[in-house]
Structures are given as structure tokens and as C-alpha cells.
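Peer 1: Supplied in C-alpha cells, the structure appears directly below.
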Amino acid sequence: MVRLKNRWLLFEIIFEDTLQRRSTSTKNVETLSSKDVYSAIKDSIKTNFGDYGVGCVAASLNVKYFSPFTNIGVLRVSRDHYHIAWGAMTFISQIKTKNCLLRVLYLGATIRQCQLSAIDYDRDQILSLKRQAELHDDAESVNVDELLEQSSSQILAIE
Amino acid sequence: MFYDLNLPYPTQPDMAYQQTEFRKRVDLLIKFGYQVVAYNHVISGKFNTNKISPIRKLDVADKLPSGGQQPTIEQLTRVTVVIEDASQNYGLTSANSAISSYDIVAVQPTSEKIFQNACGTYEVDIISLEMGSRLPFYIKHGPVGLAIERGIYFEICYAPAIRDAASRRHLISNAQNLVRVTRGKNIIITSEAQRAIELRGPYDIVNLGTIMGINQAMAKECISTSCRAVVMHATTRRNTYRAVISFEPISSLKQNEMWKVGHDEKVITEKSDFKGVSKRVRLSNDDNDMVEGNEVEKSQDMEIEQ
């Protein structure tokens, strides 16, 4: 019996309306859930690669994690067809009603490395948020350590 | 190092919303890790000498948020000449002073005859085909091979594929044709993004390239080393005499290259007075002259000054 091999994609969603003011990403009125992201990717596979594409990835495709706070997520797909899922993600320009683009940050063979690079990315994001908050003299300065701890424990909880 | 050699320059750069949109696109490119961008200006009709580049480069460095080193981006200018009539003279020669106000020159042929001319004779760096719609002619081996021999690159713009489904089909079909004919060589992938949302990260493009039939390593070359070759081709076309000799001011030398002008202080000061033409690119005498290197260099310097 041959083991089923997977690829893990760490991706980021960039919304059009937050391009200018990056710090506002926390104030998204309607936040996306991992289900929304999953169905968006699946729809895109359907339009771009047809029934064949959906059939190839359907068994393995799964959004394991999505954080609406930093807009990053982890996707699992079987190794043989990861370029289909990735290509479909590239062609996405809208999720629900919001214009956005998906960008793959890391492609890994084990979830472990994906988690590590997700934590790294989260830390960079949180630190840059903090820097921005300091620049604008926000009184409610974010508690960085707490946020970091929270995000990394959440990410490490993925199985 | 990743390149995006086609970012459309706003048609009315003074209007505020176009300016902010443009700014957004450049910021996003920086965020994605691109290090070189070329602003594209499209001209249809004859390339007159009075059509000097209207492109103003953005001040990228001033956006530095305090602390931390922000990556910056190198900015180039590019012109794309749409050619519709093979018999007309479009003035695409190095004698045209307006041409040299741009860093990179591209042509967009609209018929097979013009495509052949572009591949065989035009002095350009990039041949751009409108791949988001059906091409009016087949891309043939003969002219393409000629273009590859001359170091001209073909361009695939991916933004139309992201914009709508119909052009996505055309683009994939045209791109696969091009890849088949060129065997994956001499292709660059650029964005041509009208809006920031149409840009994609470098590795997303590499994956897109694999869908178009280029293998992964070659797809990466399409947005890195091939683009660098285009830029080098362009500088060679512009700044050299018959691609053999170029001149640079002595002030452009780095500290560790100062030995090239010799050790005599007096020579250096004299030469910097003689502004512009001073440093000569040495062609042949390298190794065997090491012992008497200084003398040789000085005498060569004298030659130039005379």
C-alpha cells in the first residue's frame, strides 16, 4: 500500500479595499470563514479545470485553517494535482462579494514546515501592525506577546 | 530577483485617482518581492522624434515606514509601438532620439508580414503579441528562430487571463503555441495589470507557467534571468557603439575599481575635468600586461585624451 502524499499550501488573501490602508484588515465587516475560502477555491477549479479537475482534487482538497485576522490559511491537496489547485487559486479575483487576490506564501510537503512558516509570517504581520499603530499613536496599543502566543497556538493546533 | 517588465503607465498621470491606482500597483509589486519594474507606454502610429518618454518615475524610497529596511524597486521605462502597416516607416532605429529616452523598446505586430519583419530586422528588445484575443496569424518556426538568434524575447502578459474567462482561453492557447514554437526559450512573462488586483506573486506566475506548458525551472527563468537578458540587450542597444564599446563617466567608478584609471592623482583630476568620455572599456589586454600594467594604462589614458 502506497502512502497518500500531500502538499500543503500556505496562502494569503489580499483584499482590494485594504491595499491602501493595511492596518484596517482587522475591521473587515464580514469576515470570511475557511468554508467560504474552500468553496471559492472549489468553484474556481470547476470553472478553470472542469469536472476533471474537481474530480482529481476532490478527495484531498481541504482548507485546514484560515485566520480572518491575518488573512492567511493552509490548504491541503494531493501531491499529484497541487498545480491544479494552485492554478485555480491564482485565477480567483473575488470571494463572496469582495475583490481579492490569493498569493501562495509557502508550499510544503509536511504540515509541520507549513505551520512554522505560518507562525513566522504571522509574527511579521503582527509586528508591522504594531509599528503602524505606534506611528498613528493609537492608544489601544495591541498586546503583541498575547497575540503572538494566540496565533501560534492556533496554528500549531492544526492536525 | 524578479522582474515585471510591463506595468501600464496611466494615460492621464495627472488625475488623482489614476495616480493612486498606479501607486497601489507599484506598492503591491514591492510587497510581492519584485525588484525591477518597467512602466509601459503604448504608442500607435509613427514614432516621431518629438514623442519623448512622458514617464515620471515614482519616489519609492519616501514611503519608508520608520524602522526596518524596506525593500525598494528599480524602475525602468518601456515603450510599446503598435505596428499596423508594414510599408510605413515607424522610425525604429537607434538614430531616433525619442527611442533612446526609453530603457526598453517593444513592438506589437498585427499581421504576419510585420511579425516576420519584427523578428528579422527591427531593432527592438521585446516582441509583444496580444494574447488575450485570437491571433490573426500563426506563429511560425522560421521567424521565431531568427528572433531567438538575435536575442529578442517574446512576451506573455498574464493579466488578461485573470480579467475574464474568454481571454483566459485565448491566452492559454496562444501561450502554449508560443512555447511549442520557441521550445520554451526566449519567453518572458509580464503582468500588464490595469489594476492592482490583477497582479500576482512571482511563484504564482511560475505555477501559471507550468499550466501553459513551460517546465518549472524555465518558468522561473521567464520572470527572472530572461527579463534580465532583455534589460541587458536594451542597454547594449542604447549605450554602446556597435555593442562593443561603451563610455562611462569616471565618477561612476566604485572605490575598489579606481585602479582602472591608474595611481597618478594628477591624471585623475585632469580626467574628471574632461567630463563624460573618460573611462574606456578595455577589450583585449588583460593578463600578459600585468607587470607593466600601470604604464600601459596611463598611455592608454593619454590616447583617449588626445
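The values are calculated or read from the model by the stated rules, or taken from the named source; none is laboratory data. It should be emphasised that the depicted structure is a prediction, and the values quoted were computed from it without experimental measurement. Cβ coordinates were reconstructed from backbone atoms using ideal geometry, including for glycine residues, and neighbour counts include every protein chain displayed.
Peer 1: When you scan region B:151-163, do you find a residue that is over 16 Å from B:Leu129 (Cβ atoms), modelled with pLDDT of 90 or more and out of contact with any strand residue (DSSP E or B) (no Cβ under 8 Å at 6 or more places or on another chain), even just one?
Peer 2: No, because not a single residue in region B:151-163 is over 16 Å from B:Leu129 (Cβ atoms), modelled with pLDDT of 90 or more and out of contact with any strand residue (DSSP E or B) (no Cβ under 8 Å at 6 or more places or on another chain).
Peer 1: Sticking with this one: Mind checking which residues of region A:41-98 are of a type in the set (A, V, I, L, M), buried (at least 18 other Cβ atoms within 10 Å of the Cβ) and over 22 Å from B:Ile172 (Cα atoms)?
Peer 2: A:Leu61, A:Val63, A:Ile72, A:Val74, A:Leu75, A:Val77, A:Ile95
Peer 1: Any idea how many residues of region A:88-112 are more than 13 Å from chain B (Cβ to nearest Cβ), touching a residue at least 24 places away in the same chain (Cβ under 8 Å) and either in a helix (DSSP H, G or I) or under 17 Å from A:Leu32 (Cβ atoms) (or both)?
Peer 2: Total satisfying the criteria: 2.
Peer 1: Do you know which of the residues in region A:113-125 that are at pLDDT below 85 and within 14 Å of chain B (Cβ to nearest Cβ) is farthest from A:Thr18 (Cα to Cα)?
Peer 2: For region A:113-125, the residue satisfying everything is A:Arg123.
Peer 1: So, one more: Only one of A:Asn48, A:Asn71, A:Asn62 is within 10 Å of chain B (Cβ to nearest Cβ) and out of contact with any His (no Cβ under 7 Å at 6 or more places or on another chain); which?
Peer 2: A:Asn48
Peer 1: Let me ask you something else. On the given criteria, is A:Ala133 touching a Ser or Thr at 6+ places or on another chain (Cβ under 9 Å), more than 11 Å from every other protein chain (Cβ to nearest Cβ) and surrounded by fewer than 19 Cβ atoms within 10 Å (Cβ to Cβ)?
Peer 2: Taking the combined requirement at face value, the residue satisfies it.
Peer 1: Please enumerate the residues belonging to region A:5-34 that are at pLDDT 85 or above and part of a loop (DSSP other than H, G, I, E, B).
Peer 2: Within region A:5-34, just A:Lys5 meets the criteria.
Peer 1: Regarding region B:198-209, can at least one residue be identified that is surrounded by fewer than 17 Cβ atoms within 10 Å (Cβ to Cβ) and either touching a strand residue (DSSP E or B) at 6+ places or on another chain (Cβ under 8 Å) or not small (Gly, Ala, Ser) (or both)?
Peer 2: No, the conditions are met nowhere in region B:198-209.
Peer 1: Now a separate question. Could you please give the count of residues in region B:15-24 that are more than 9 Å from chain A (Cβ to nearest Cβ) and either of a type in the set (A, V, I, L, M) or in contact (Cβ under 8 Å) with a residue 60 or more places away in the chain (or both)?
Peer 2: Residues meeting the conditions: 3.
Peer 1: Looking only at region B:201-226, filter to residues that are in contact (Cβ under 8 Å) with a residue 60 or more places away in the chain and closer than 26 Å to B:Asp164 by Cα; which one of those is nearest to the other protein chains (Cβ to nearest Cβ)?
Peer 2: Among residues in region B:201-226 that are in contact (Cβ under 8 Å) with a residue 60 or more places away in the chain and closer than 26 Å to B:Asp164 by Cα, the one nearest to the other protein chains (Cβ to nearest Cβ) is B:Gly201.
Peer 1: Quick one: how many residues across region B:251-266 are at pLDDT 80 or above and surrounded by 14 or more Cβ atoms within 10 Å (Cβ to Cβ)?
Peer 2: Adding up the residues that qualify gives 1.
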